[in-house]
Amino acid sequence: MNGKKQTTVVYPVPKEWAERAFINAQRYEAMYAASIANPEEFWREHGKRIHWFKPYNTVKNTSFEPGKVSIKWYEEGTTNVSYNCIDRHLAERGDQVATIWVGDHPKDGARSITYRELHAIVMKWANVLKSQGVRKGDVVTLYLPMIPEATYAMLACARIGAVHSAVSTICASNSLASRIADAGSKVVVTADQGLRGGHKLELKAAVDAALDKLPGVVTSVIVVKRTGAPVGMLKGRDHYYNELSDTVPEQCPPEEMKAEDPLFILFTSGSTAKPKGVVHTTGGYLVYAAMTHQYVFDYHDGDIYWCTADIGWITGHSYIVYGPLANGATTLMFEGVPTYPNVSRYWDIIDKHKVSLFYTAPTAIRSLMRSGEGAVKSYSRASLRLLGSVGEPIDPKSWEWYHRVVGDGRCPIVDTWWQTETGGILITPLPGATDLKPGSASKPFFGVKPEIVDAAGNVLDGVADGNLVIADSWPGQGRTLYRDPERFEQEYFSPYPGKYFTRDGARRDADGDYSMTGRVDDVINVSGHRIGTAEVEAALVAHASVSEAAVVGYPHEIKGQGIYAYVILIEDDAASDDLRKELVSWVRREKGPTFTIDKVQFALGLPKTSSGKIIRRILGKIAEDDFTALGDTSTLADPSVLEHLIDNRLNRN
Ligand code: WTA
């Protein structure tokens, strides 16, 4: 599977990089050591990279102790994220481009927005939100495609102290409804439609369907016109943004926020069917997002930086919007997909906009690799100087291709490991400091203390393979789960008391470099998206024909992992290809397109322990078509189910 292969190839830091980058090897060693030896002093200094209205005194006040988990950074400080991402830059770089937006199809063109323009637009947006009753502390749900308005809406929330909860537009209306309800949003911002790879996304219609399930919860829906298609507008509730903006004032001063006031919530999959609302706060988050953006990508003035992530995921938050804008960078946002109108689209955009720093996901690299080198090589890509990868382990073969073909062998690759819960990158090479090994995320960022533990929680030294925990807090860390602090403590701090459990496996080699080996919980990673197997199971059993379901991941050439579902029907003889298709489209409709099940195997029973617990390890092995290590099956309540499962397996190599 991805990332599991040990590799010995090493690409040393190129000389120009060691000389020119912010951080070289010596500096990394010294700064890392200082950050661990005295985190207070280290972060006291680096907290100054953002502007504070009132200074902080206490730097770090954190505890991972069971029953006392509490994470606070820069407590007494006050600031505003939108001020830091916009106003602070106006004197020096008001006319510099803050954001370049590139439309779905080349004929949709591109738009550049300067910091000065961004300032005026975000103040308008902030006043529009206020006109709809949004106040400091309120949660606003954003269901927006990859258009600049997503950035505006986020910054406008930050400006007035509202908390945004972005929901990716790949989530279907059911998921949207539960997220609106869980967040308690009264205001939703969306677009009439989205455009993606030539397809229209019916976003307003999805909001309507979601709100039908939540009568009386939402009082205002603000609709951005993307395509101008006529959509249903409920009188009194729904308003076009452009109509509202005509009626509000131009000016909106930034609200003074405490460092620990929430900035946003982001729902992500966990090991139960209910998504978790990870809460990020203001000061520490911004310090960490900005610092990692500068050092990991070695962002210098004049760079054109492009992160291809969706704005509705953490990568879009930290590395399209907050990190880059806090650094006064130029950040590119692309509406479309890598394969539309053809497989050269990324390289075309890179040449057109002279992109120098490019950050994408292994799933995109794998699919583009399949289209051959020609589609890449016919573009110059001369502007590129660094490549990044995020979202899942990148296998050495794809890494080599990315390096050799896309980067012409001269661009370092930063394989950045992190999570929604971590707010920013935790383990990564630094391009001027770290020798690169394909498939290895390599070294901890400043202030990050990774450890590898075995199942019993023993800390393993030296070369080791086990579960990855982080032993101490860093400023960008998620603070809690929205309205569920107990689950926060239980999921992340109780498995290994006193430590943050990442729920990822990792291996450390003799050089102290970390390679990620994938999730160790019931979450699978499909094209870089976290899919809780329990969520898929819940959607399956909601279907009238299904009595029980168990879902596992299996290695998939493009998606990294595919979704494999074992389904027990209420009536066995109903099993048919039609029902199979029906179940696939049912889940897709309920949960959205990333939840497209690849394989549905009808089963008569599932392997269970005598206490009734499904043994997923066995199901995973059968899905992988690998019986060499089914492990101990003696605890099975009913050993006969195994034979039927194996005989009817769908992956046969
Ligand atoms: C996986 C995305 C290996 C990992 C930023 C993690 C990775 C989950 C990498 C978080 C990487 C992310 N190498 N695995 N470079 N980056 N992951 O919350 O399993 O959407 O726990 O955050 O993605 O996914 P999330």
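Numerical summary
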read-out	value
Residues of the range 511-546 that turn out to be more than 17 Å from the chain's Cα centre (by Cα) and within 15 Å of the ligand (Cβ to nearest atom), as a count	9
Helices (runs of 4 or more DSSP H) within the range 271-366 that include 3 or more residues aliphatic (A, V, I, L, M)	283-296
Qualifying residue in the range 493-510 (condition: within 15 Å of the ligand (Cβ to nearest atom), surrounded by 21 or more Cβ atoms within 10 Å (Cβ to Cβ), among the β-branched types (Val, Ile, Thr) and not in a loop (DSSP other than H, G, I, E, B))	yes
Single condition residue 214 does not satisfy, out of (1) assigned to a strand (DSSP E or B); (2) open to solvent by less than 40 Å² (accessible area, probe 1.4 Å)	(1)
Positions within the range 481-492 being away from the ligand (no atom under 12 Å from the Cβ) and either open to solvent by less than 40 Å² (accessible area, probe 1.4 Å) or over 18 Å from the mean Cα position of the chain (by Cα) (or both), in sequence order	481, 483, 484, 485, 486, 487, 488, 489, 490, 491
Residue within the range 232-240 that is touching a residue at least 60 places away in the same chain (Cβ under 8 Å) and open to solvent by less than 40 Å² (accessible area, probe 1.4 Å) present	no
Qualifying residue in the range 191-205 (condition: part of a strand (DSSP E or B), open to solvent by less than 10 Å² (accessible area, probe 1.4 Å) and under 13 Å from residue 223 (Cα atoms))	yes
Candidate set from the range 547-593 (those that are under 21 Å from residue 367 (Cβ atoms) and assigned to a helix (DSSP H, G or I)); member that is most open to solvent (accessible area, probe 1.4 Å)	588
Whichever residue in the range 248-274 is under 14 Å from the mean Cα position of the chain (by Cα) and over 16 Å from residue 84 (Cβ atoms) and, among such residues, is modelled with the lowest pLDDT	270
Qualifying position, being open to solvent by 10 Å² or more (accessible area, probe 1.4 Å) and of a type in the set (Gly, Ala, Ser), among 98, 110	110
Failed condition for residue 399, given (1) within 16 Å of the ligand (Cβ to nearest atom); (2) without any contact (Cβ under 8 Å) to a residue 60 or more places away in the chain; (3) in contact with a helix residue (DSSP H, G or I) (Cβ under 7 Å, 6 or more places away or on another chain)	(3)
Selected residue (criterion: most open to solvent (accessible area, probe 1.4 Å)) from residues of the range 409-423 that are more than 13 Å from residue 441 (Cα to Cα) and more than 9 Å from the ligand (Cβ to nearest atom)	410
Residue 277, sole failed condition from (1) touching a residue at least 40 places away in the same chain (Cβ under 8 Å); (2) closer than 23 Å to residue 45 by Cβ	(2)
Residue in the range 346-359 that is closer than 30 Å to residue 517 by Cα, at pLDDT below 95 and either surrounded by fewer than 22 Cβ atoms within 10 Å (Cβ to Cβ) or not β-branched (Val, Ile, Thr) (or both) present	no
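To keep it simple, each residue is scored yes or no on (1) free of Cβ contacts under 8 Å to residues at least 60 places away in the same chain; (2) over 30 Å from residue 44 (Cα atoms).
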position: 71; (1), (2): no, no
position: 75; (1), (2): no, no
position: 81; (1), (2): no, no
position: 84; (1), (2): no, no
position: 92; (1), (2): no, no
position: 111; (1), (2): yes, yes
position: 125; (1), (2): no, yes
position: 128; (1), (2): no, yes
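The values are calculated or read from the model by the stated rules, or taken from the named source; none is laboratory data. None of the values given here were measured: they were computed from a predicted structure. Quick reminder, even Gly has a Cβ in these numbers, built from the backbone with ideal geometry, and neighbours come from all protein chains shown. The accessibility values were calculated without ligands, DNA or RNA, using every heavy atom of the protein model including side chains. Shrake-Rupley method; radii C 1.70, N 1.55, O 1.52, S 1.80 Å.
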